[in-house]
Amino acid sequence: MIGGYRVVRKVAAGGFGVVYLAVDPEGQQVAVKEYLPSSLASRAPGELLPKVQPEKLSLYRLGLKSFFEEGRSLAQISHPSVVSVMNFFRENETVYMVMNYLEGACLQDFIITARDLKKAKVFRESTIRSLFDEILRGLRIVHQHKMLHLDIKPANIFITDDNKSVLIDFGAAREVLSKEGNFIRPMYTPGFAAPEMYRRDAAMGPWTDIYAIGACIYACMQGYPPNEAPQRLEKDRITTALTRLRGVYSDNLIEVVEWCMSLDPLSRPQSVFALQKELSREGERRYTKLSVSEKVRLQFDTMVSDTKKNVQKATAVGGKPK
């Protein structure tokens, strides 16, 4: 029993906590998320209290405070596309967040399943637009509450069994700890984290979450995440990758993704509303197919890129390139 909730089983565990399926006093199923950052605390089987090394205690408490504040902020938000926090409390020297229990699967699972079908379109454009219209409605409310999600990715977009899309697993505590501690493991998700998340001194805002939204739409179109931001800063291949999708997805949708994923934060949509407005322009869909010369150019670029990779691999193992 934790705070009057009966824990049934562990559902998931990550670097920052554990999620349990539990039952509330009325017998309703709920999800209980416990703050337990694996890099700062450990707990032996059968014990309730986490063990924190003395030199890590101040950092542990900083994350704990942020996790608690996140629970308080989310409890004020009531929107079908944002995970609903019904209760949050301190116990066993940690914090627990009680949320509605969702049944379904995350967007990442759907992308992998759709990708494996090997069709020209991973998802239909109408599906992408309606899915992200729902998510953006929720994200707009989050931003209006002066909160950022900071970990939007397909694994954190949940599609319920009754076809609702919900933003889950906010990353405020993770972000606070990454700025304060010298962690060996990265706390951001490569491909979905904006360039400013890799720099300690960079300002983050709605544009940071908007980059991640663009990366999620990209993953729905390509079936794979985009290159991570540091790689893009060295050599950006996003435009080339999106060019291949011309004629498959509308020019407007391709332009929206490029706009969201601009490396310069000021060149992205500065608000969710600006992005919603552009994404709703379904009536202006044009599909520009690649010309023959463009197709040849893309094939040539792919051959050059593959040859370079081959040379690098061969050099790395001391062999000769094929």
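The values are calculated or read from the model by the stated rules, or taken from the named source; none is laboratory data. Keep in mind it's a predicted model, so treat the numbers as computed, not measured. Because the Cβ atoms are built from the backbone with ideal geometry, glycine has one as well, and the counts that use them run over all protein chains shown.
A few points about this structure:
- Counting only residues that are under 22 Å from Leu266 (Cβ atoms) and either in contact (Cβ under 8 Å) with a residue 60 or more places away in the chain or of a type in the set (Ser, Thr, Tyr) (or both), region 210-235 holds 8 of them.
- Residue that is among the acidic types (Asp, Glu) and modelled with pLDDT under 90, where the choices are Glu70, Glu125, Glu134: Glu70
- Residue list for region 196-232, filter: closer than 20 Å to Phe170 by Cα and of a type in the set (Ser, Thr, Tyr): Tyr198, Thr208, Tyr211
- Matching entry among Val32, Val7, Val19 (being assigned to a strand (DSSP E or B), on the phi < 0 side of the Ramachandran plot and under 20 Å from the mean Cα position of the chain (by Cα)): Val19
- Test: residue in region 255-273 that is assigned by TED's automatic domain parsing to the domain that holds Ala155, within 17 Å of Leu167 (Cβ to Cβ) and of a type in the set (A, V, I, L, M): yes
- The set of residues in region 267-286 that are touching a residue at least 12 places away in the same chain (Cβ under 8 Å), more than 17 Å from Phe132 (Cα to Cα) and either aromatic (Phe, Trp, Tyr) or assigned to a helix (DSSP H, G or I) (or both) contains only Glu284.
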